[in-house]
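This report refers to the structure that appears directly beneath it.
The values are calculated or read from the model by the stated rules, or taken from the named source; none is laboratory data. On a predicted model such as this, the values are computed, not experimentally measured, just so you know. Glycine also receives a Cβ, built like all others from the backbone with ideal geometry; neighbour counts cover every protein chain displayed.
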4 protein chains.
Amino acid sequence: MSVVVGANQYGKAEVRIVAVDRATESHVFCDLNVGIALSGDLDDVHVTGSNANVVPTDTMKNTVFAFAKQASVGEIEEFGLRLGRHFVSGFEPIKRARVQIESSSWKRIPVGREGRGHPHAFERAGSELRTATVVCAADGEWVLSGLRDLVVLKTSGSEFTGFVRDRYTTLQETRERILSTAVTARWRHAGVDCDWAASFTAVRALLVDRFATTHSLSLQQTLHAMASAVIGEREEIVEVRMSMPNRHHFVVDLTPFGLPNENEIFRVEDRPYGLIEAAILEQGAAAAGPAWDPYPFL
Amino acid sequence: MSVVVGANQYGKAEVRIVAVDRATESHVFCDLNVGIALSGDLDDVHVTGSNANVVPTDTMKNTVFAFAKQASVGEIEEFGLRLGRHFVSGFEPIKRARVQIESSSWKRIPVGREGRGHPHAFERAGSELRTATVVCAADGEWVLSGLRDLVVLKTSGSEFTGFVRDRYTTLQETRERILSTAVTARWRHAGVDCDWAASFTAVRALLVDRFATTHSLSLQQTLHAMASAVIGEREEIVEVRMSMPNRHHFVVDLTPFGLPNENEIFRVEDRPYGLIEAAILEQGAAAAGPAWDPYPFL
Amino acid sequence: MSVVVGANQYGKAEVRIVAVDRATESHVFCDLNVGIALSGDLDDVHVTGSNANVVPTDTMKNTVFAFAKQASVGEIEEFGLRLGRHFVSGFEPIKRARVQIESSSWKRIPVGREGRGHPHAFERAGSELRTATVVCAADGEWVLSGLRDLVVLKTSGSEFTGFVRDRYTTLQETRERILSTAVTARWRHAGVDCDWAASFTAVRALLVDRFATTHSLSLQQTLHAMASAVIGEREEIVEVRMSMPNRHHFVVDLTPFGLPNENEIFRVEDRPYGLIEAAILEQGAAAAGPAWDPYPFL
Amino acid sequence: MSVVVGANQYGKAEVRIVAVDRATESHVFCDLNVGIALSGDLDDVHVTGSNANVVPTDTMKNTVFAFAKQASVGEIEEFGLRLGRHFVSGFEPIKRARVQIESSSWKRIPVGREGRGHPHAFERAGSELRTATVVCAADGEWVLSGLRDLVVLKTSGSEFTGFVRDRYTTLQETRERILSTAVTARWRHAGVDCDWAASFTAVRALLVDRFATTHSLSLQQTLHAMASAVIGEREEIVEVRMSMPNRHHFVVDLTPFGLPNENEIFRVEDRPYGLIEAAILEQGAAAAGPAWDPYPFL
């Protein structure tokens, strides 16, 4: 029986870094969680244990810190490209680098009568994260921007009817339900040069706008409306992938207590939940290469 | 050996409810997590298993849903009082009710040119929670308002010097460090009648303002500045308790890479963390009774 | 308005330490999570920011590591006493020290034909944690031993009947239900000298035995049976406190599919859950002093 | 700009079910977490919102419960195949079904002098989960077995030397370090007919044995030793994929306290961590088809 090494990658995950820019009286800082995964000529380390081709994951961590100092971090897509290119160009055995970055958002604490933002005191602006995934290889570079934990809810404008029924179906059709989800979305850029901040702001605005304004016939259709608006209106984006759990809100039966309940009182269930996932693409979009490969693997 | 039953309580925890008010075109809703704990003449259920004095926890859950329908939920302190009084007055063996409520905040999704709030589409406004703890008993009622997971950070205006040194001390004094914490705060009201919403807004504003504007000599002093501002400026509040983890941000040593690091690049450590906790009171404040008893117990 | 500092404590939480004893070929190690909280003459640091009485939390962390080297860690109760006494006796302003330790359990990986334990390879033996809480002060010392996340379940021998009914009660009586909980228990020792390991083993065995063998009329009665066995059979223990969530398993209605369901198929709900908490004591037990004070505070 | 629907799937995630077999006095039960994802002719629901091809996720949940009653659940791979085949064969538009199951393990509580296992009282046997992933489609069926959260640690027999050094490298070579990881592993079966229970037991034993007995030169080499033993010794397995975080244990510098530390006292860091991932295959193994496609997507 002969055994071979298949796809593999290794790296450092969850490097937590805060980088403060003190150049002006009003400080600016970024708060990142960086993961790096490298692949290449790494059969040997698996089979014989030789580390001759292995860049230590500790070095990857150091590189994140040093790069953050050597030049302004900038947008996370840029920082990912700087890091990815470094590992692919700097080490002969390394053929591909994947850099994944999550960024927390903060806002200035308002102080004084006018509530002006304090120059160096901040509060977290929510649990939503902005994300970037960058893959650098000899044959191409790919950038995915994204967000996680964007939690949204509609109290009206959502129905679910006309579905398949079989002997295990008990669900009633509904013309009015609460629709709620925690959006994970990532979108693929056509190139690697972009006004990343402006693009992110515009994409996010489209996503929430379409969630709000689309009358929902299913969560799939809502997803499609959100994603296709991005493809349609943002030239720089060629593909959007979304994962949207359906956070079920069930109407509580209040009849035992002699009370009506016209879609007013809901219990919220954590599990199980529906899970809707799709890729929406521009027709003829270039191949995505390894951009969407899972990280972690399993 | 004689065995006795000591302090005890039982109830339903984490009743997740969403209540939508559809009275106007622009919907309003609240998103709550409600816990109820009762105590009283309950030795018997422990010793003999007789449930004659036991209000089922399932009934508590039903009551939360029914009460949310029977009258507008209103502020969480009010809803807690309605529930607490019901259990204490409605069941002879029940002598004390503790109601603990967490409320998530949401904001309207902005749509259209002017970014007006959508009448029935919302996004979560962060992971911070507003909390209320209400204790109702024959001999009194107590209300604590509060918040959790208010994450704040200062890039300047924080030092730590002049501390005790012993043979295990390696920490250097610092005149400039990042100070960051996730505030858990609860404050005790003098009475049970209050403009709860206005009070909450004012207290929260004082807390973040003092975090921002106090030059910090220690996290304890920052805590005291925050809490004592509330005691000093808000007549309705007689005690503030806070728990503040010190989320350590360590300056990364970049000298191996030939780089300076003047408080610019920090690594963030999850564990261990400092934990600073204190009660700050108005002198002569009435006794707190069971208000601060832990829930859960252990 | 005069403001005073009330109860307060500060310290280092979640110091994660692994200590390996390599004295014999067969290694032994302990895997601990240590928290320390000190209180005493600390008004000044709150009010003026003077750190003259403040032992840095960083020093507490260092002390944990140094103490683990200076002498064998031993049982967690012992280690807690060594640490607690050090802080109270070594620093004049410090009047009370609380040390809280969680210990993970590991077992040797079996290798070879006979499955003998490997001398230095281990696997985690579950997520249950053994805990110790030690409080040292001028006027006394207290030791609580305990455990967390002991998850147990009965497929039979549990009923719930004869409870209070009101207009909000819909729950049916049941003579047969699944009973499941994740036990958090802590027990107070009469003294501070004990064969801690043997005592822990015996108490844990009593707890699970009584859970298994007691026909349950309510979770309160089960709790009492478990705790009172400990009080009754273990001289060294004077009080047991337990917190037991009722992890509801609901019989699924299969009648729409033409199927019976005689307590066979259950759905498991995470939230809401019942929460049953009680202290069970030996009559005449000495006062617990600050042993049970909450940590963290809020 | 034309927009197309790419890869997509939808389903119900985290159906928590406990199924008790009461056929004999000694009860047996399984405790599962089931996820189902379907794909097929689903463009329409995305584009127009027509649910004509949509099997509701609620029906999937019902089916899990009904199937668990109609026949014994059996091994999780079997249960997955039953469910997967049902959805693919029962609904014309559904072309592929992915079923993912996690199973918790429990053991009988020992009671009485001899510590015999109680017939219907159980305790959780750890947090490790056994997993199965089944994919059913018109053109094939694939079964992956696996496990998650198998936490292992070696106090000796692990080194890391001879790695690439660059200007950002500060890591020292080491001939003796703690190696610890939480194994996630999945392995692909050659077919869909197997003694699943025996196979799982054998594979797990090989994994932990090789972790214990392989002198580690790198975590990659350890992973390879574990996985290739499975490929080499288990005919039914053609591919193993593993994801292994390197849970760093750092030697604490005790020299400031005048103490040696010869690999005895370690601090444990949660983040960042190394992450080592690889697929190890039998040479010439059949193509894996969609077996390893990520679920969830993002």
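Can you find, within the stretch D:271-295, the residue that is nearest to the other protein chains (Cβ to nearest Cβ) among those that are surrounded by fewer than 20 Cβ atoms within 10 Å (Cβ to Cβ) and touching an Asp or Glu at 6+ places or on another chain (Cβ under 6 Å)?
D:R271
Any chance the stretch D:28-42 includes a residue that's without any contact (Cβ under 8 Å) to a residue 60 or more places away in the chain and under 29 Å from C:I178 (Cβ atoms)?
The answer is yes; a qualifying residue exists.
Can you name the residue in the stretch A:90-125 that is basic (K, R) and within 30 Å of A:N53 (Cα to Cα) and, of all such residues, is nearest to the other protein chains (Cβ to nearest Cβ)?
Among residues in the stretch A:90-125 that are basic (K, R) and within 30 Å of A:N53 (Cα to Cα), the one nearest to the other protein chains (Cβ to nearest Cβ) is A:R98.
Listed residues D:V18, D:V34, D:V54; which is more than 25 Å from D:P290 (Cβ to Cβ) and either at the interface with chain A (Cβ under 7 Å from one of its Cβ atoms) or assigned to a strand (DSSP E or B) (or both)?
Just a single option satisfies the conditions, and that option is D:V18.
Mind checking which residues of the stretch D:37-49 are surrounded by fewer than 18 Cβ atoms within 10 Å (Cβ to Cβ) and in a loop (DSSP other than H, G, I, E, B)?
D:D41, D:T48
Given the structure, is C:A97 within 13 Å of the chain's Cα centre (by Cα) and closer than 18 Å to C:E14 by Cβ?
When the stated conditions are applied, C:A97 does not pass them.
Of everything in the stretch C:239-270, what is part of a helix (DSSP H, G or I) and either buried (at least 17 other Cβ atoms within 10 Å of the Cβ) or within 14 Å of chain B (Cβ to nearest Cβ) (or both)? Give them in sequence order.
C:F257 - this is the single residue of the stretch C:239-270 that is part of a helix (DSSP H, G or I) and either buried (at least 17 other Cβ atoms within 10 Å of the Cβ) or within 14 Å of chain B (Cβ to nearest Cβ) (or both).
Exactly one condition in (1) of a type in the set (G, A, S); (2) farther than 19 Å from D:V18 by Cβ; (3) modelled with pLDDT under 95 is false for D:G84; which is it?
Condition (3) is where D:G84 drops out.
Given the options D:K69, D:K12, name the one that is of a type outside the set (A, V, I, L, M, F, W, C), on the phi < 0 side of the Ramachandran plot and more than 7 Å from chain A (Cβ to nearest Cβ).
Unique residue meeting the criteria: D:K69.
Would you confirm whether any residue within the stretch C:77-98 is free of Cβ contacts under 8 Å to residues at least 24 places away in the same chain and among the small types (G, A, S)?
yes
Consider C:E114 carefully, then state whether it is acidic (D, E), out of contact with any Pro (no Cβ under 8 Å at 6 or more places or on another chain) and modelled with pLDDT of 95 or more.
no
Test A:S127 against the stated conditions and say whether it is under 23 Å from A:M242 (Cα atoms), under 13 Å from the mean Cα position of the chain (by Cα) and of a type outside the set (D, E, K, R).
Criteria met by A:S127.
Please give the number of the condition D:V73 fails out of (1) closer than 21 Å to A:S216 by Cβ; (2) not in a strand (DSSP E or B); (3) not small (G, A, S).
(1)
If we scan the stretch B:164-182, do we find a residue that is under 15 Å from the mean Cα position of the chain (by Cα) and under 20 Å from B:E77 (Cβ atoms)?
no
Of everything in the stretch D:107-160, what is among the hydrophobic types (A, V, I, L, M, F, W, C), out of contact with any helix residue (DSSP H, G or I) (no Cβ under 6 Å at 6 or more places or on another chain) and in contact (Cβ under 8 Å) with a residue 24 or more places away in the chain? Give them in sequence order.
Within the stretch D:107-160, D:F122, D:L129, D:V135, D:A137, D:A138, D:W142, D:L144, D:L147, D:L150, D:V151, D:L153, D:F160 qualify.
I'd like the full set of residues that are outside any strand (DSSP E or B), more than 9 Å from every other protein chain (Cβ to nearest Cβ) and exposed (fewer than 15 other Cβ atoms within 10 Å of the Cβ), limited to the stretch A:149-196.
Answer for the stretch A:149-196, where residues must be outside any strand (DSSP E or B), more than 9 Å from every other protein chain (Cβ to nearest Cβ) and exposed (fewer than 15 other Cβ atoms within 10 Å of the Cβ): A:Q172, A:E173, A:R175, A:E176, A:G191, A:D193, A:D195.
Check off (1) within 18 Å of the chain's Cα centre (by Cα); (2) within 19 Å of A:V45 (Cα to Cα) for D:Q220 and give me the number that stays unchecked.
So the condition that D:Q220 fails would be (1).
Consider C:A23 against the criteria (1) touching a strand residue (DSSP E or B) at 6+ places or on another chain (Cβ under 7 Å); (2) under 16 Å from C:K69 (Cβ atoms); (3) aliphatic (A, V, I, L, M): it satisfies all of them except one. Which criterion is unmet?
(1)
Return only the number of the condition from (1) under 27 Å from the mean Cα position of the chain (by Cα); (2) surrounded by 16 or more Cβ atoms within 10 Å (Cβ to Cβ) that A:V111 does not satisfy.
It fails just one condition, (1).
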